[in-house]
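Laboratory data are not the source of any read-out in this text; all were calculated from the coordinates shown. Remember, predicted model here, so these are calculated numbers, not experimental data. No Cβ is skipped: glycine too gets one built from the backbone with ideal geometry, and neighbour counts run over all protein chains shown.
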Amino acid sequence: MAKISAAQWEQFMDELATQEYVVIDNFLDAKELQLLLELFEQRKRQNLFEKAAIGASGNEKIINEIRGDYTLWLNRKTDTLFEAIFLRIDEIKCVLNRLCMLSISDFEFHLAVYPKGSFYQKHYDQFNNRNNRLISVVLYLNENWIQGNGGELRIHKDTGHIDIAPLMNRLVLFRSDVVLHEVLVSNTERNSLTGWMLHQPSILANLY
Ligand code: OGA
Ligand code: MN
């Protein structure tokens, strides 16, 4: 999808509003995708990823039984090479504010690597003591993913569950407060760009 039209965005936002999640395939254009994949590989080579923690800052525990991913937080000011990607995230932010009447002022994103055999147990993305995450955003970056590779995003509903394959350039948006979800065991390394749309800057979130 080179560029998402206003009508397409409207349809996606309708879906998000009615089912609390939406899947958007081929989100980045070819150039943006290539850039992101290159930057991702570089950062893996530089060993910049850290074992992911659980809970908001100040309450971090590393619990392997809950999540097994490694993450690298991005900073728009210093990670300037990612600017083309941040511009696309700006686009998501504007659409959410305009069509979903949200008041997103900021976002936080990290690169995530799930090594073979890792997973993330059922959870919500809002922390008890920090509820400023409105919408979760995941862009999957797995070339040639096939059934059996695992690592699907499982969304739990009252009526059952939906499994979403982590396909290359597939974007998933879901409500951070109400969508119970998990990452199923990944049988191969699983890469994504993952983040959250915030209703106030994350630096203020620790204050209440
Ligand atoms: C998370 C998460 C889902 C995914 O990082 O909180 O639930 O599919 N990620 O990577
Ligand atoms: Mn989550």
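Points to keep in mind about this one:
- Charge dipole (debye, nearest 20) of segment 91-208; +1 at Cβ of Lys and Arg, -1 at Cβ of Asp and Glu: 120
- Here the peptides 5-17, 96-108, 169-181 are ranked by packing, the mean other Cβ count within 10 Å, and the order with the highest first is 169-181, 96-108, 5-17.
- Estimated D of the chain in µm² per second, where Rh is the Kirkwood radius over Cα pairs and Stokes-Einstein applies at 37 °C, 0.692 mPa s: 188
- Distant-in-sequence amide contacts of residue 168, defined by a placed amide H-H separation under 5 Å and a gap of 5 or more residues or a different chain, comprise 142, 144, 145.
- Extended-chain gain in nm, criterion 0.36 nm per residue less alpha-carbon gap, residue 53 and residue 159: 35.1 nm
- Rounded to the nearest 20 debye, dipole of segment 6-205 from Cβ charges on Lys, Arg, Asp, Glu: 480
- The calculated FRET efficiency for the pair residue 66 and residue 45, based on their C-beta separation and a Förster distance of 25 Å, comes to about 0.35.
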